[in-house]
Amino acid sequence: MADGEPGRIGFDSRLRPHAHDPIVHPELFEGVLARRVIAFAIDVLVITIPVIFAGMFILLFGLITLGLGWVLLWLLPPASLVWALCYYGMTLGGPASATLGMRVVDLEMRTWYGAPCYFLLGAVHAIAFWVSLSALTPLVLAVGLLNGRRRLLHDLLLGTVVINNDRRAAALRHGGWHGFANGL
């Protein structure tokens, strides 16, 4: 911005190039799809366990109150949805740009132009993922096999890319898997 030019606010309409090129930096995409599946399983556990405990609490509370507490069971489905959206929004929108499952397997999410993820994008990403998973169950991973960046359908729609984090990418760049396993 030049001196004297008014500051711009709002949407930036400039076209930006892809920040992560699989030809120049293949280490960013090595093994991403398989580790995304593992991260998904971990995230499902992290989301499900508190919901199960809440359900058990409501059932016990209903027994203690002679059935009156069971009225709270209608709150469980919407509370579960809010919990899942907050989980994805806060973890993907956090400093690591990764859910707990993604952190375990050294993945992070970025926008296609390289910026970190933010809360709203993380929550919308979760919604798009669950909708595409329910509509295209076995085919949801097939899209990732057909492109070099290993992006799934919801990643393409939202402009996100899941890559190896800096630590894993550096280890793969300098020593391959053996160097990473030895703590490089």
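General remarks:
- GNM top mover of LEU157, LEU63, LEU133 - the chain, alpha-carbon springs below 10 Å: LEU63
- In this structure the amide hydrogen of LEU107, modeled in the peptide plane, comes within under 5 Å of the amide hydrogens of ASN165, none closer than 5 places in sequence on its chain.
- Per-residue 3J(HN,Hα) values for the range 98-110, derived from phi via the Karplus relation 6.51 cos²θ - 1.76 cosθ + 1.60 with θ = phi - 60°, read 8, 6, 4, x, 5, 5, 4, 9, 6, 10, 8, 10, 10 Hz in sequence order (x marks Gly and Pro).
- Selection among GLY144, ALA84, PHE129 by position relative to the dipole of the range 26-181 gives GLY144 as farthest towards the positive end (Cβ unit charges, Cα centre).
- Derived scalar couplings between HN and Hα for the range 76-87 equal 4, x, x, 5, 5, 5, 4, 4, 5, 5, 5, 4 Hz in order, rounded to whole Hz, by the Karplus curve 6.51 cos²θ - 1.76 cosθ + 1.60 (θ = phi - 60°), x for Gly and Pro.
- Taking the C-alpha atoms only, the angle from helix 32-64 to the longest principal axis of the chain is near 20 degrees.
- Answer label, with mean projected area of the Cα convex hull in nm² calculated from the coordinates and candidates (1) 10.2; (2) 15.7; (3) 13.6: (2)
- Helix-only [θ]222 nm of the chain, DSSP H runs n ≥ 4, -39500 (n - 2.57) each, per residue, nearest 500: -17500 deg cm²/dmol
Rule-based calculations on the coordinates, nothing more; no lab input. This structure is a prediction, so every number in the text was calculated from the model and none was measured. All Cβ positions, even for glycine, are placed from backbone atoms using ideal geometry, and neighbour counts span all protein chains on display.
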